[in-house]
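Encoded as C-alpha cells, the structure appears first; notes follow it.
The values are calculated or read from the model by the stated rules, or taken from the named source; none is laboratory data. This one's a predicted model, so the numbers in the text were calculated from it and none came from an experiment. All Cβ positions, glycine included, derive from the backbone under ideal geometry; neighbour counts span all protein chains shown.
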Amino acid sequence: MIGIICAMQIEADGIIARSEQANAEEIAGMKFISAKLCGKDIVIVVCGVGKVNAAMCAATLIQRYSPDVVINSGVAGSLSPIVSIGDIVIATKSLEHDMNTTALGDKKGEVSFSNGKVTYFECDKEASTRLASVCKKIPDTKVAQGIIASGDIFVSDRRKRLRINDQFGALACEMEGAAIGHVCYCFGVPYGIIRAISDDLDENKGMDFVKFCELASKKTVYAVTEFVKEF
C-alpha cells in the first residue's frame, strides 16, 4: 500500500478523482481516504501546514495503515539558481533547517535521538529514482534531484534562502517534508518527496501563487499517479 501525504487539497482532490472505491476515515481532524489507483491500494491525506502537523499525519498514517512507502507532494521555494518556478525537485534526502541546538555543541540541523544524531533523513533511492523518471515525462519541466530543507517558517527573503543553501546544500525549502522523513526514519518506512517550485530567488515576481498551485497540482498529480502505476 502507498501512503500519499499532500500539502494542498487541490492535489488530493486530483488524485481522488482518478481513484476508485474511495472511503474516508477522520482521525485527529485529518481525513484519510483509502482508495484504489491504477489497481493499487493507496491512502491519501492532506497534512496541513508545518512540521508538527506533518509529523502527526505521517505517524498516524504509518500506525493505522502500514504503508510500504510514503510519498509527500506539494510546492516549495527555490534555494538555488539551479531551479526556478515550474521546475520539480525530487528529494534525495531532507533536513530540518530550523533545528538548532548549537548552544549544546551540536551542528545546525542536527536531531538528537537516544542512539545518536541525524542531520539528513535519507529518502528511499528506488522511490526517488522512480519519481524523477516519471517527472521527466512532463513537458517543459526541468527535474532536479537534491536535498530539501524544511522548517516552521515561510522563507521569503533571498539572503535567508541562500544561507540555507550554503549551510546545507539544499535546492528547495518548504514546511513539511523533513518532518515526514523524520517520522519515516523512526518507523523504518521508506519515503520520497516531490516538490514543484512555486517561487524562485526573485521572490515570486510576476507569478500569481494561486494560479501556480493549479499548474503545480496538475504536474504532481500526474507524477504521483504514474508512480503508483509503476509501483
Looking across the stretch 139-163 at residues that are at pLDDT below 95 and of a type in the set (V, I, T), the single one that is farthest from N53 (Cα to Cα) is T141
L61 fails exactly one of (1) buried (at least 20 other Cβ atoms within 10 Å of the Cβ); (2) closer than 20 Å to D166 by Cβ; (3) not β-branched (V, I, T), namely (2)
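This table checks each residue for (1) in contact with a Pro (Cβ under 6 Å, 6 or more places away or on another chain); (2) surrounded by fewer than 21 Cβ atoms within 10 Å (Cβ to Cβ); (3) more than 14 Å from M175 (Cα to Cα); (4) in contact (Cβ under 8 Å) with a residue 24 or more places away in the chain.
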| position | (1), (2), (3), (4) |
| --- | --- |
| E11 | no, no, yes, yes |
| E20 | no, yes, yes, no |
| A28 | no, yes, yes, yes |
| K40 | no, yes, yes, yes |
| C47 | no, no, no, yes |
| A55 | no, yes, no, yes |
| Y65 | no, yes, yes, yes |
| D98 | no, yes, no, yes |
| A103 | no, yes, yes, no |
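Enumerate the helices (runs of 4 or more DSSP H) found wholly within the stretch 125-231, keeping only those where 2 or more residues are in contact with a Pro (Cβ under 8 Å, 6 or more places away or on another chain) and touching a residue at least 24 places away in the same chain (Cβ under 8 Å).
Working: elements: 125-135, 158-168, 177-187, 209-230.
Counting at least 2 such residues, we get 125-135.
Taking the stretch 145-200, which residues are hydroxyl-bearing (S, T, Y) and within 30 Å of F231 (Cα to Cα)? Step through it out loud before you land on a result.
Kept after step one, since they are hydroxyl-bearing (S, T, Y), are these residues of the stretch 145-200: 150, 156, 185, 191, 198.
Within the stretch 145-200, S150, Y185, Y191, S198 qualify.
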